[in-house]
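The block underneath contains the structure these notes are about, expressed in C-alpha cells.
The values are calculated or read from the model by the stated rules, or taken from the named source; none is laboratory data. Just so you know, these numbers come straight off a predicted model, no measurement behind them. With ideal geometry, Cβ positions are generated from the backbone for all residues, glycine too; neighbour counts draw on all protein chains shown. Remember, those area values only see protein heavy atoms, side chains included, never the ligands or the DNA or RNA. Shrake-Rupley method; radii C 1.70, N 1.55, O 1.52, S 1.80 Å.
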Amino acid sequence: MATLEILKDTEGTCQHQGEIDGLRQALSQALVGKAEVIEFVLASLLARGHILFDDLPGLGKTTLAKAIASAVGGKFGRVQCTPDLLPSDITGFNIFNQKTHEFEFREGPTFSDVLLADEINRTTPRTQSALFEAMAERQVSIDGRSYALSPSFFVLATQNPVESHGTYPLPEAQLDRFSMKLQIGYPDRTNEIELLSASVGRMDTSRPPTQQVINPHQLQLLQQHVATVAVSPVVQGYLVDLARATREHSEIEVGLSPRSLLIWQRVAQAWAHLQRRDFVIPDDVQKVANPVLQVRLVGRFDDSTRIIEEILGSVPVPVFSPARGKG
Amino acid sequence: MSNATTNRSTTKLPSKNGNTRRRLFSSESLDTQVPLEQLSSPFPLAILGTLTLVLVQVEDSQFDWLGLARLAASPLMLGMICLVASVLAARSRLSQLAHSVLVVISAVTPFAVEQFFRMFGIGFAFELQSIGAIQAVGLFLAWSPKTPQGNVFAGLLSSFSALFCVLLGTSWPVYVSAAFSGIALLWWLMARYWERIQKAHAATNVERKLPWRFLIIAGCMGLTLALAATIRMGSTRLISLAGFMPTSGGQDTFDQYARSGVGDGDALVGGKDDASSFGPVESELFLDSEKPSLYDMYNDMYGEPFKINMRHERKIGLGSDTQMSSNSKATTSQKSSREFSLQRRRGGSQRKYAKGAKVPALLYLVGKTPNHLKMETFDLYEENEWKQSVRLSPKNLPEFRLSRELGKPWIHFSTVEQPDYLRGTSRYVVKIINLKSQRIPAPPGLSAVHIDKVDRENFFGWTADHVVEMSDRDHIPQLTVIHEQASRYGLHSLRMSDFSVSVNRMSRASDPNAEFWSSYPNDHPLLNRLATESTRDIPRGWLQVEAVVKHLRENFQVDSESRYEDSEDPLANFLRERKGPDYLFATSAALALRSLGYQTRFVSGFYVPESNFDAVSRQTTVLPENVHVWLEVRVDGAGWIPVEPTPGFELNIEELSISEAFAFWIVQASRWMQMHWPLVVAIVAGILLAFETRLVWINLLLTLFCWLMGIGSVRRRLTWTLKLIEWRSALQGTRRPVGTPISTWYRQVTATSPENTKRNVSAFVSLIERQLYAPLSQCHYDLHEVSRVCWKLALTFSPQDASAIPTHRTNAH
C-alpha cells in the first residue's frame, strides 16, 4: 500500500498496545458481547476515573469488577451499601488490641485496587461522602490520621434505577467525582446462549477467574502515559466550546464545571490512546461525550442522550484551524 | 407552574420604596440624591404636551369669552379628574376598576366638551379632539400612573401628542413649546434608562397570559392589509382618506369645523391680488385685457405663415377684439375652416414682455403634468398646409349626456363601449384666464366636463374637427373653472393590440373622414424612406407607431429657428437637414404613418410642462409660449391616441406596470427568438447540456481550483484537498453537519463506495487529522507522498447518496 507507507512511522509511537490488548481481551472474556462498555471501562481506568453503573442487578457488574481487579493484579474490594452502613465500614477503623494495649488499624474495603460499591444510593449521605472523599483524594482519614490508598484505586459504583424507594439519591455535586456513567444492558441472544452453554458442567455458575495481565505498576505507567497524550489547542478550544454550550443550553440547569472539563479531556486522552493514537481528535471528545456528560448534566429533561447529541451537533467541529505554522 | 409564576410576578415587582429596593451600585452615593422615580416621572412631559396642544388650539380660536372658555374647558375638566383620582388614592379607594373608569372619562372629556361648545357654534376639528383625547389620557396617567406601565404609557402618549402638534401647528410658540417637550422627553428617557439599570436586579419576569405583543402586531398588520385591500378594490383614488379626516369639502364629506382636508373645499382661500395666487376656486375677481387668440399665439411662436403662390387667401376667423366682460353674450361664432401652414416666416408681431413683468397666463391646469391640452385638429394635408376638411360630419360622435355627481352636473360624452386601451380616468381642472376660445382646452381622451351650475347638455357641442366647445358662445368666459375627466391610455394594451385588424375595420367603416385621415403626398421619397427605414422588422401595430416616433426623436433635432423660410417644401428640407420646429416633426410623423396605412391627424394646442408648476397654488400655468403641435393616431376605429414625436416633449401616457413591462418584454423576446430560432435552439441545447452535466463541470473546476490553491506546502495541500471534498459533498447534498468530525462523516459517506475509495479516504483522513490536531513535531511528511494521497482522493472521492447515510449519530451507545 503505497499510500499508507507514510503513515507507518507514526503508528509505532503508541506504546503499551500489547498490554492494552491483553486487558481488553481479559475483560471481554468476563463480560461477553459488550465491547463498547469494556472500551469505556478501559478508558476510565486509564484516565484514573471512577465509574457509576446505572443498571439492573445481575448484568455482570461484579464479574466485570472482579475481572478488572485480577487483570491488573490488584486487590478486589466490595461493599454492599445499605442504610445502616457506616463510614468506618468502608474506610476501616481503629481497634484496641487487648494484647498489645494499642490501637490497631483495620483496613476497610477502600484499601483495595478495585472497589465495587453496590447500590451506592441505598446508603446514607454520610457514608456516601466518606466514599467520595476516598475517590477524590485517594486517601482516607480515620481518627485524624490519613491513610493513602492504592494509587490505582478504581471504584465501580452501581445504582439501581428501578427501585428508588428508600434511597438517598447522590447529590449532583458528588456525581462529579465519577468520570462516567455507564449502562451495561442485557446481552444479546447469541451471547446469552453462549453464557448458558459455558456454565454447563461447571460447579460455579460464575465465569472462570481472569488471568492477571499487568501488574499495578504497569497500570500506573499506562495511566502516566495517557496523561501525556497530546491535546492541541484547537481541540481544547472545541472542548471549551462544548462546555459553554452546556452552560447556555436552555434545558440544562447546571452546565459543566471546569473540573468536569478536566476529566473529559483526560478521558478523551485515554480514548485516543485506546485508538492507538498519541493525540486527541474531536472524534475522541465526541465518542466519550455521552458517558462523561450523562453523569454531569443536571436539568429538566428525561433524555439526556438527546440533549448531549443536540450539543454535539450544534458546536462546530474545528476543521479549518487558524494557521499553525508550516507542516 | 402557574402558582410559581404569579408568585414571582408579585414579589419581584419593583417596590416603590427606594430603601428596600436592591441596588446594582453601592447604595451610599445614590440614596442621598433625588430618587429616580421623581426624575423619571412623565408629568412635566405631559404638562408640556398639553401646553403645546392648547397653543395649537389657540390658532383656531377667537379671543372672545366663548373661545377662551372653550380653550380652558378641557384642561379644567382634566384637572378635576386628576383631583378626584388623588382624593380616591388618599383614601386608598382607587381600585383598578375606578382607575380604568377615570382613564376612559379623561379620554372622552375632549369629545364631550366639544359637543357642548358646538351648541354655541364654535368647535375644533376632529384631529384636534382626537389628539386632545390622547393628551388627556397621557396627562391623567402621568398624574396617577397606578402601575409602572402607566408611567411609560403616559410618557409615550404625551410625546406623541407633542409631536403631532408640531405637524398641526403653524405658529412659532407651538414650535417652542414642542421643543421644550422634546427636551423633557429626552430627559425622561434618560431617567428611565438609569432607573431600569438600577432595577436590573429586581427585573420583572411576568409571564403574560395573553400574547399581547403578538396580538398587537397581528392586529396592526391585519388593519394595514384591510386598508390596502380597500384602496386596491376601490377606485384608483385613495378613497379611504376621504371622510376619515374632517374635510372642508371638495370630496364626499364636509365638516364645518375642518381645518383643511382632501380637495380643500371652501377652506381654500381665494387670492385677491393675483390670478396665479389661488387654486381653481370658482371666483371671478380677475379681469385682464390681454387676450390673445390662438392664432396670434401660433404666429408669435412659429412666425407668420405666408404663401408663395398666394393661391389661397389666409382665412382666420378672429373673434371680436373688443374687450368683453365674462358675462357678455357671444355675438359671433367661429366655425370657418382653418389651416396650419408649414411655410412660416420669422418675425411678425412677436409679443415681447418686459423682464420681470407678469406673464399673462392663458389658463391654469390642476392635474398631472406634463400634459397636452388639445385645441384643434387638422385632417387634410395639402400643399404644405394642414387643413380642416369641409366635409367633416359630426354625426358619429357620441351624444352628450348629463349626470350628477354629488349634486354637481357632469356632461359626459364618452362612448359606452370602452376599448381596452383605456385605463380608467383622470380628473383635471382647467381655469381659463386669458385664453379666448370657445373650445375647451382638454387633455387627450376627454370624456366628461363639469362647469359649476352648467347643467344643460346643449351648452356644449362638437366642433367640426371633433373638439368639445361651448356652443353659441364667442369664447369661454374668463375665470371659468372647467373640471375635466379624461381617459388614460394603457401603453400595454396599445402595444398588444393588433393594428391590422383595426385598420381593416376602419376601411370597412363608412366614415367619410377616413379618406382625409389617410391622404398623404405619394411623391415624397424622403417621407417614404423615413417610414420604411424606421419600421423595418417591426410588426404592424402600435410598435410601428412607436418606432417612427422613436426614429424622429432620436435622429432629429428641435430647432425652432430652422423654419426653411421661402422653401417650397419645408418638409423635404426638414427631412434632409434633420432639424426643425415641432410642427415639422408632427407633420413628418403624421404623414409617414399615413404612408404606412395608419390614420392620423395633426393636433394643435398647448403643452403643459412640469416646469410651470406653481407649488404654492398647486397648479400649472399655461403661457402663450406653450403652444405646441403634435399628432393623433386612430386606433380600433374609435379612439384617437396622442403621439408626441418632438424630442423634449413628453406624453402623459400611463406607464407600464411591472407585470405589463415584463409581459411586453416577453413578447419582444419571443419575437426575437422566432427570428433567430436556430441560434436559440443551439443556446438552449447548450444550456441544457451544461445543466445536465453541471456536477461534472463544477467538480472539474473545483478540483482544478483546489489543486492550484494547494500548491506550496503539505499544509496547504491537505487543507485544500479537505476543502475540495467538503465542497464536493455539499454539491452532492451530503454536506457535513457542523458538529460531525471529518473522519466520522467521510467514512460514513463512503461506506458503500469501492474498496479503493475507502482506502484513499482513510489514508487522507489520517493525514488531515494528524495535520490538524497532532503536535507539530509529529507532522513531518514528504510533500510528494502527501500530494499523491490527495490526488488519488481527488480522483476517486465521490460521496454516495444522502439517503444512504444513517441519520442518527453513531457515538451514542
Q: Could you state the angle between the C-alpha long axis of helix A:125-137 and the longest principal axis of the C-alpha atoms of chain A, as a value from 0 to 90 degrees rounded to the nearest 10?
A: 50 degrees
Q: Would you mind pulling out the separation of the Cα centroids of region B:129-155 and region A:239-314, in Å?
A: 54 Å
Q: Using a Gaussian network model of chain A whose springs link C-alpha atoms within less than 10 Å, name the residue from A:G49, A:G166, A:G33 with the highest mean-square fluctuation.
A: A:G166
Q: Provide a whole-number value for the mean count of partner chain Cβ atoms within 10 Å of the Cβ atoms in peptide B:440-453.
A: 0
Q) Where a ≥ b ≥ c are the square roots of the eigenvalues of the C-alpha gyration tensor, would you call region B:526-675 rounded, which needs a/c under 1.5, or, failing that, prolate if a/b is larger than b/c, or oblate? A) oblate
Q. Over all residues in A:309-317, what is the mean tally of Cβ atoms on other chains that come within 10 Å of each residue's Cβ?
A. 4
Q.
Tell me which trypsin sites (Lys or Arg not before Pro) from region A:104-174 have a DSSP coil assignment and no more than 16 other beta carbons within 10 Å of their own.
A. A:R138
Q.
Per residue, how large is the accessible surface of region B:423-499? Use a 1.4 angstrom probe and give square angstrom.
A. 28 Å²
Q) What residue among A:V200, A:V280, A:V234 has the largest mean-square fluctuation in a Gaussian network model of chain A, using Cα springs under 10 Å? A) A:V200
Q: Can you check what the net charge comes to around A:L297, using other residues whose Cβ is under 10 Å from the Cβ of A:L297 (Lys, Arg +1; Asp, Glu -1)?
A: -2
Q. Using the alpha-carbon centroid of each, what span in Å lies between region B:79-119 and region B:752-773?
A. 81 Å
Q. Between region B:434-478 and region B:647-688, what is the C-alpha centre distance in whole Å?
A. 43 Å
Q: Only Cα pairs under 8 Å and at least 6 apart count here; give the relative contact order of region A:217-327 as a rounded whole percent.
A: 32 percent
Q. Going down the list A:K34/A:K287; A:K34/A:K66; A:K34/A:K75, which pairs span over 20 Å between their C-alpha atoms?
A. A:K34/A:K75
(Q) Within 10 Å of each Cβ in B:742-755, how many Cβ atoms from other chains are there, averaged over the peptide? (A) 1
Q | About the Cα centre, charge dipole magnitude for region A:205-268 (Lys/Arg +1, Asp/Glu -1 at Cβ), debye | A | 280 debye
Q: Find which of A:H249, A:L239, A:H273 sits farthest along the positive direction of the dipole of region A:168-292, computed with +1 on the beta-carbon of Lys and Arg, -1 on that of Asp and Glu, about the Cα centre.
A: A:H273
Q. Of the residues A:A230, A:A272, A:A117, which exhibits the maximal mean-square fluctuation in a Gaussian network model of chain A defined by a 10 Å Cα contact cut-off?
A. A:A230
Q | Cα convex hull of region B:62-141 - mean projected area over all directions, nm² | A | 5.4 nm²
Q) Using the per-residue mean of other Cβ atoms lying within 10 Å as a proxy for protection, in what order, highest first, do the peptides B:746-759, B:782-795 fall? A) B:782-795, B:746-759
Q: Grab the Cα-Cα distance for B:R404 and B:A751, subtract it from 0.36 nm times how many residues apart they are, and report the gain in nm with one decimal.
A: 116.5 nm
Q: Only Cα pairs under 8 Å and at least 6 apart count here; give the relative contact order of region A:1-160 as a rounded whole percent.
A: 24 percent
Q. Among the trypsin sites (Lys or Arg not before Pro) within region A:238-306, which fall in a DSSP loop and have no more than 11 other Cβ atoms within 10 Å of their own Cβ?
A. A:R300
Q) Given A:K181/B:K758; B:K723/B:K758; B:K723/B:K792, which pairs have Cα atoms separated by over 26 Å? A) A:K181/B:K758
Q: Please compute how much accessible surface disappears when B pairs with A, both sides summed, using a 1.4 Å probe, and round it to the nearest 100 Å².
A: 3600 Å²
(Q) Positive end of the dipole of region A:53-124, charges at C-beta (+1 Lys, Arg; -1 Asp, Glu), about the Cα centre: which of A:F105, A:V72, A:A117 has its Cα farthest in that direction? (A) A:V72
